[in-house]
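Structure incoming, see below.
The values are calculated or read from the model by the stated rules, or taken from the named source; none is laboratory data. In this text, all values refer to a predicted model and were calculated from it rather than measured experimentally. Here the Cβ positions follow ideal geometry from the backbone for every residue, glycine too, while neighbour counts run over all protein chains shown. SASA here: full protein model, heavy atoms, side chains in, ligands and nucleic acids out. Shrake-Rupley method; radii C 1.70, N 1.55, O 1.52, S 1.80 Å.
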Amino acid sequence: MSYTNEEVLDFIETEDVKFIRLAFCDIYGKQKNISVMPDELPRAFSDGISFDASAIDGFANEVQSDLFLFPISSTLSLLPWRPSHGKVVRMFCDIKYPDGRPFEKDGRYVLKRAVKEALKAGITVNFGPEFEFYLFKTDENGEPTKIPFDNAGYMDVAPEDKGENIRREICLSMLEMGMRPEASHHEEGPGQNEIDFRYSDALTAADNAMNFITIVKAAAVNNGLYADFSPKPLQDKSGNGMHINMSVKSFDNEDRTQAFMAGIMAHIRDITAFLNPCPESYLRLGEMKAPKYVTWSHENRSQLIRIPAAKGEYKRIELRSPDPMANPYFAYALLIFAGLDGIKNNMAVPEPTDINLFKADASVTDRLTTLPTSLAEAVKLAKNSSFVNSVLPKNFTDLLRN
């Protein structure tokens with residue numbers, strides 16, 4: 001349900017809400033929040049709630065450190081794992097300067113710009129991510145270990161699959177927060193799980209991605225476990241991916257999916273630092289169904305982009321390189337901008353690579369373009385990219401971590 005400011009205020013009063021969390025995301029994809037009491041909410045809507053931006057990595061310095069959070073009423077959601085009396089809700093926020101200007105490093109603002117540019121070009125893009133995560137046991141002090149919760153394999157069932165009840169708990173929480181889970185199962189790694197949820201518009205999908213991570217982590221803690229979204233938690237096991245499904249629609253009903261896909265392939269090396277933002281990301285790429293080459297094919301899971309066997313509204317492209325450490329706001333924005341560049345310049349995709357690239361001979365793979373092999377390489381490509389620097393805030397790539 002999408003609320004107005006007045007409806008949120010009524011909801012807070014009638015539902016015994018005592019704490020309102022105003023949430024946002026730093027540039028590295030870590031969710032932050034500040035809690036206010038119900039009496040402060042009208043002021044938050046009208047004037048914003050200030051915070052020290054110099055304490056948030058990459059946001060500001062001590063000289064000009066004040067920024068303001070303005071809650072977005074349409075993003076209201078109840079946190080179902082909090083008490084039923086004295087309830088807790090959360091809203092995502094716009095971030096603004098004291099004079100009311102949007103804060104240009106706010107990922108949500110950058111994504112809004114991308115969506116606006118797409119609409120001007122007569123294009124809408126829906127996103128549906130597929131998150132993988134590990135469940136690890138904790139020690140006697142509640143600290144995470146590297147001991148998997150179970151030793152089950154791909155799509156195994158209970159009792160080997162011990163994550164079944166936790167996935168059910170996660171899916172029920174998702175429903176309570178307005179998200180629609182579509183499928184869940186045990187993944188290939190021991191203790192590894194996957195939950196997919198319904199596609200939506202870019203902003204909602206990015207908000208849902210942040211909600212999902214919070215839900216999973218809360219469910220894990222409630223069960224004495226630790227949820228690990230890092231790209232390579234166990235050295236010799238499958239890594240965690242965040243496959244991003246995109247459905248491209250044009251107002252004139254022309255199919256521009258291939259030009260959009262061509263734009264992504266043209267710029268994928270330059271934007272990989274945002275899709276795979278930590279050193280361990282590059283330990284995952286190139287093995288166990290994680291791509292290494294800038295290629296595409298129908299149904300083929302050894303490719304960077306796979307075209308799933310789907311019909312009607314489920315037709316889409318699936319980008320298989322990103323991992324869950326990516327900031328979804330910047331990731332989705334860059335993918336939209338890249339796709340629009342492909343459409344604007346009538347880019348064409350290369351021929352599909354209809355082979356298993358994990359078993360292909362070097363005579364084949366040596367001719368292919370590869371993704372960056374390290375974070376340092378990916379960051380260098382981003383910093384030197386005229387495309388990336390044209391769509392992101394000035395000097396933003398200087399904040400990337402090697």
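Run through the DSSP bridge list for the chain and note the antiparallel percent, rounded to the nearest 5.
Antiparallel bridges make up about 85 percent of those DSSP assigns within the chain.
From the phi angles alone, apply the Karplus equation (6.51, -1.76, 1.60; θ = phi - 60°) to the stretch 324-337 and give each ³J(HN,Hα) in whole Hz, x where the residue is Gly or Pro.
Once rounded to whole Hz, the list reads x, 7, 5, 6, x, 5, 5, 4, 5, 4, 5, 5, 5, 4.
Please report the net charge: other residues with Cβ closer than 13 Å to the Cβ of P102, K and R +1, D and E -1.
Overall, the nearby charge balance is +3.
In the structure shown, do any of K30/K146; K30/K344; K30/K289; K289/K380 have a Cα-Cα gap over 30 Å, and if so which?
From the list (K30/K146; K30/K344; K30/K289; K289/K380), the Cα-Cα distance tops 30 Å for K30/K344.
I'd like the Karplus ³J(HN,Hα) series for the stretch 366-375: coefficients 6.51, -1.76, 1.60, θ = phi - 60°, whole numbers in Hz, and an x wherever there's a Gly or Pro.
For the stretch 366-375, the Karplus-derived couplings read 5, 8, 8, 6, 9, 5, x, 9, 8, 5 Hz, x marking Gly and Pro.
Another question about this same structure. Okay, which of the stretch 111-126 sit inside 19 Å, backbone N to the point 7 Å along the Cα-Cβ direction of S250?
Within reach of a label on S250: 115-126.
Given a 1.4 angstrom probe, I'd like the percentage of the accessible area of the chain that is carbon and sulfur, rounded to a whole number.
Accessible surface attributable to carbon and sulfur in the chain totals 48 percent.
While we're on this one: To one decimal place, what orientation-averaged projected area in nm² is obtained for the convex hull of the Cα set of the chain?
The Cα convex hull of the chain, projected and averaged over all directions, gives 20.9 nm².
Tally Lys/Arg at +1 and Asp/Glu at -1 over every other residue whose Cβ is under 13 Å from the Cβ of G178; what's the total?
Net of charged neighbours comes to +1.
Another question, if that's okay. What are the extents of the Cα atoms of the stretch 1-111 along their three principal axes, in Å, largest first?
41, 27, 25
Across the stretch 90-169, what fraction of all alpha-carbon pairs, as a whole percent, falls in each successive 5 Å bin from zero upward?
Per 5 Å bin, starting at zero, the Cα-Cα P(r) for the stretch 90-169 comes out as 3, 10, 12, 12, 12, 8, 9, 12, 12, 7, 2, 0 percent.
Let me check something: with ligands and nucleic acids excluded, how do R401, R21 order by accessible area (1.4 Å probe), largest to smallest?
Greatest to least solvent exposure: R401, R21.
Now, a different point. Go ahead and set up a Gaussian network model of the chain, Cα springs under 10 Å, then flag whichever of T75, T365, T257 fluctuates most.
T365
To the nearest 10 Å², what's E6's accessible area with a 1.4 Å probe?
120
To continue, here is another question. Sort E160, E130, E140 from largest to smallest accessible area, using a 1.4 Å probe on the heavy atoms of the protein chains.
The ordering from most to least exposed comes out as E140, E160, E130.
Another question, then. Which of K359, K249, K344 ends up with the largest GNM mean-square fluctuation for the chain, with Cα atoms connected below 10 Å?
K359
Could you work out the percent of alpha carbon pairs in the stretch 1-59 separated by over 19 Å, rounded to a whole number?
The calculated P(r) of the stretch 1-59 puts 39 percent of pairs beyond 19 Å.
Give me the accessible area per residue for the stretch 208-262, probe 1.4 Å, as a whole number in Å².
39
So, one more: Would you mind counting up the charge near A376? Only other residues with Cβ under 14 Å from its Cβ, with Lys and Arg at +1 and Asp and Glu at -1.
+2
Given a 10 angstrom Cα cut-off, can you work out which residue in L175, L304, L41 is the most mobile in a GNM of the chain?
Evaluated over the chain, the most mobile residue of the options is L175.
Also, I was wondering about something else. For K249, which aspartates and glutamates qualify as cross-link partners when the Cα separation must be under 17 Å and same-chain residues fewer than eight apart are set aside?
Leaving aside aspartates and glutamates fewer than 8 places away in the same chain, those within reach of K249 are E117, D201, E313, E318, D341.
Using only Cα positions of the stretch 256-402, each an equal point scatterer, no hydration layer, compute I(q)/I(0) via Debye at q = 0.11, 0.13, 0.16 Å⁻¹ and quote the log10 values to two decimals.
So the normalised log intensities are -0.40, -0.56, -0.86.
Next up: Taking Cα centroids, how far is the stretch 126-145 from the stretch 242-320 in Å?
24
Express in Å², to the nearest 10, the accessible area of R180 obtained by rolling a 1.4 Å probe over the protein heavy atoms while all chains stay in place.
130
If you don't mind, there's one more thing I want to ask. To the nearest 20 Debye, how big is the dipole of the chain about its Cα centre, given +1 on the beta carbon of each Lys and Arg and -1 on that of each Asp and Glu?
Its charge dipole is roughly 880 debye.
What lysines sit close enough to K32 to cross-link, taking a C-alpha to C-alpha distance under 18 Å and skipping anything fewer than 8 places away on the same chain?
By straight Cα distance, K32 reaches K96, K105, K217.
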